[in-house]
Amino acid sequence: MKEHFFKKQWFLCFSVFFMWMKTYFIYKLGFHLQMNNGLEELILFINPLSFLIPVFGISLFFREKTQRLFLIGANFILTGILISNSIFYGFYIDFITIPVLFQAKNIGGLGSSFQELFNPLYIVLFLDLGLLLWLSKTFKRTGVKQSAKAIKIYYTVAFGIALFNLALSEFEQPKLLTYSFDREILVKNIGIYPFHLLDGISQTFLLTQKAVADEDNLATIKNYTDSDYSKPNKDMFGIAKGRNVIFVTLESTQNFVIHQKVNGKEITPFLNRFIKQSYYFDHFYQQTEQGKTSDSEFIIANSLYPSLSGSVFFTKSDNQYHSLYKTLAKNHYNSSVFHANNKKFWNRDVMYKALGIDRFFDVTHFKVTADQSTGWGLKDREFLTQSVEMMKHLPKPFYSNLITLTNHFPFQIDDKDKLIDEYHSESKVLNRYVTTVRYQDESLKHFIEELKHNGLYDDSVLVFMGDHYGISEAHQEAVGQLLGKTETTPYDTIQLQRVPLIIHIPGITDKKPRIISETSGQIDVKPTLLHLLGIETKGMIHFGHDLFSEERKPFVVLRNGNFITDDYIYTKNTLYNQKTGAIKNTNNEISYWREKANEELSLSDQIINGDLLRFYQK
Ligand code: GP9
Ligand code: MN
């Protein structure tokens, strides 16, 4: 039958083969998938077949002409999916999900860097299509219809391969679908196309969550958060009572730049000094996902995990939230955000209302001139100076979040603003990054002077926090070089997710600065700040812990299910020693944390997808 089948269905067989090879080619060259062993390699190699054979097989039911059209069309669409994912991956080290498509106008970094990300090799991916078209023209159709028996055998083979694939995956990654927070694990096992199908199904399912949710769902979650509560440290509770809070979100600022030199010069001379008069958290991890800055804002405001797909700012802006801002309002604070960008970016204008933010000073509130602009807009120094001018007039006490912008990909600034030379490495992105971080650092120095000058410094708490990574995993080798490392591993990828958190309380932290090295994350900021301001968080439904509490167990969950404790880093199915990066062999001792990580993520998802906080009036 085989020979006979091939003779009749050579066009189908070629189509499957070409698409299989192309998919594998992109797996290997377009994505940086971490392969731990030969079995994972084998799964990756065969997984495209589990999808392509049955889907392309649909063409067996058509007449030959339609069949060829179908196969060529499918090849074209799947090639488009591969290329789009590969370009997206080049920037975000992630795969496209449906919500991301709906916030396409926000895939900001991509627009300005398309040239950098587009690889001429993509053209090669269309060669087979040309060949198929030529073959289709040259070799006339035979007009023979495929027998039902042959189709049956074909689908039995397809089913067998898919089953084999799943069995290997289940062996390699038990409970694959339970631990489905990690997109890379999914793609490695079931393949890129089923991943998109699954994403589509789960997005549809999530839409129904709100309608079926009720109060009982929340009760279980509240039990969890209540029993997980860490009571404040007596000596710290209320030390900043009544002060203004000036929270500066530092765009793309990672912790590795702190105390780091390039060509003998510090990248952040100001912050390095400022840290010596502050509480500085040097093991503080960012927990954002596809929503980047908006995710970091979401986490700080709610102490909930962001969504696995897309930005909550877009997908769940009609939910009810018990945000930090709402709690502050009850405590007579006035809240505002300063950000010199269009108010619609990340759907901020809508989401800020849901979060209860009193005022949003968007780009229209700033004087933006061409010589004071770069890359994404108004330069940080000017932005911060103008913000101080506006903050001066706010009713006190106030909580203001200032979101910087100059240190944003593609990290370009005018030569006159370059206070240090670019770095020299293979990565042009990293080379430029150090100059924009240096510029931001200088702007912050100036900002503090302005605050002092305008009488806003003494009565305030200043918080500086990096929002998410700026240098993606794709440039990790170059970062390793900068840090003097000979090689980098997935352990380093996680350690590079650290962003600076600096809390500066004039009159207090300058007298008794501290470096706090316990593992902490963005989710912990809300209870930490509220307790410093003397506002209790007992009974609140959120997942963070006061970082000064003596009861807190250091533990941070990343959105993809990876986690970090003071002893371990768990990523890519591997357990590392947090301090040394050495691989640990036993996974047993971490099963408690692994379960807890998954439980927290899924409880947080239930809150967001079911809009559960609407059932709890506090
Ligand atoms: C856009 C700014 C940058 O307003 O916050 O967003 P990002 O691309 O970093 O998410
Ligand atoms: Mn950002």
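The table below lists the values:
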{"item": "Residue match in region 237-250 (condition: among the charged types (D, E, K, R), more than 24 Å from ILE26 (Cα to Cα) and outside the structural domain of LYS526 (by TED's automatic domain parsing))", "result": "no"}
{"item": "In region 259-273, residue farthest from ligand 2 (Cβ to nearest atom) [restricted to those that are in contact with a strand residue (DSSP E or B) (Cβ under 8 Å, 6 or more places away or on another chain) and open to solvent by 10 Å² or more (accessible area, probe 1.4 Å)]", "result": "HIS259"}
{"item": "Sole residue being in a helix (DSSP H, G or I), open to solvent by 60 Å² or more (accessible area, probe 1.4 Å) and touching a Leu at 6+ places or on another chain (Cβ under 8 Å), chosen from PHE159, PHE171, PHE164", "result": "PHE171"}
{"item": "Within region 537-557, tally of residues that are open to solvent by less than 20 Å² (accessible area, probe 1.4 Å), farther than 20 Å from ILE503 by Cα and either among the acidic types (Asp, Glu) or not in a strand (DSSP E or B) (or both)", "result": "4"}
{"item": "Lone qualifier among ASN223, ASN302 - being at pLDDT 95 or above, open to solvent by less than 40 Å² (accessible area, probe 1.4 Å), away from ligand 2 (no atom under 16 Å from the Cβ) and of a type outside the set (A, V, I, L, M, F, W, C)", "result": "ASN302"}
{"item": "ALA240, sole failed condition from (1) away from ligand 2 (no atom under 16 Å from the Cβ); (2) open to solvent by 10 Å² or more (accessible area, probe 1.4 Å); (3) among the hydrophobic types (A, V, I, L, M, F, W, C)", "result": "(2)"}
{"item": "Candidates VAL363, VAL337, VAL368 - the one that is under 26 Å from the mean Cα position of the chain (by Cα) and open to solvent by 40 Å² or more (accessible area, probe 1.4 Å)", "result": "VAL363"}
{"item": "Helices (runs of 4 or more DSSP H) contained in region 218-323 and holding at least 1 residues away from ligand 1 (no atom under 14 Å from the Cβ) and closer than 21 Å to TYR457 by Cα", "result": "269-275"}
{"item": "Filtered residues of region 321-358 (kept if aliphatic (A, V, I, L, M) and more than 16 Å from ligand 2 (Cβ to nearest atom))", "result": "LEU324, LEU328, ALA329, VAL350, ALA354, LEU355, ILE357"}
{"item": "Filter result (closer than 25 Å to LEU304 by Cβ and over 17 Å from the mean Cα position of the chain (by Cα)) within region 470-499", "result": "none"}
{"item": "Residue within region 588-604 that is more than 19 Å from GLY521 (Cβ to Cβ) and open to solvent by less than 50 Å² (accessible area, probe 1.4 Å) present", "result": "no"}
{"item": "Residue, nearest to TYR433 (Cα to Cα), within region 357-370, restricted to residues that are more than 16 Å from ligand 1 (Cβ to nearest atom) and of a type outside the set (Val, Ile, Thr)", "result": "ALA370"}
{"item": "Residue selected from region 453-485 under the condition within 16 Å of ligand 2 (Cβ to nearest atom) and among the small types (Gly, Ala, Ser), by the criterion nearest to ASP510 (Cα to Cα)", "result": "GLY466"}
{"item": "Among (1) within 26 Å of the chain's Cα centre (by Cα); (2) farther than 25 Å from PRO54 by Cβ; (3) at pLDDT 90 or above; (4) open to solvent by 80 Å² or more (accessible area, probe 1.4 Å) - the single one LEU207 does not satisfy", "result": "(3)"}
{"item": "The one condition in (1) on the phi > 0 side of the Ramachandran plot; (2) touching a Phe, Trp or Tyr at 6+ places or on another chain (Cβ under 8 Å) that GLY242 fails to fulfil", "result": "(2)"}
{"item": "Hey, SER15 closer than 18 Å to THR142 by Cα, assigned to a helix (DSSP H, G or I) and in the same structural domain as ALA158 (by TED's automatic domain parsing) or not", "result": "yes"}
{"item": "Count of residues meeting criterion [away from ligand 2 (no atom under 16 Å from the Cβ) and closer than 17 Å to LYS418 by Cα] in region 380-408", "result": "2"}
{"item": "Any hit, region 23-36, residues being among the basic types (Lys, Arg) and either farther than 19 Å from ASP182 by Cα or crowded, with 22+ Cβ neighbours inside 10 Å (or both)", "result": "no"}
{"item": "Residue within region 307-320 that is within 16 Å of ligand 2 (Cβ to nearest atom), among the acidic types (Asp, Glu), assigned by TED's automatic domain parsing to the domain that holds ALA597 and open to solvent by 10 Å² or more (accessible area, probe 1.4 Å) present", "result": "no"}
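The values are calculated or read from the model by the stated rules, or taken from the named source; none is laboratory data. Computed from a prediction, not measured in an experiment: that's the story for all the values here. Positions of Cβ are backbone-derived with ideal geometry, glycine not excepted, and every protein chain shown enters the neighbour counts. When the accessible area is computed, the model is the full protein with side chains, heavy atoms only, and any ligands, DNA or RNA have been set aside. Shrake-Rupley method; radii C 1.70, N 1.55, O 1.52, S 1.80 Å.
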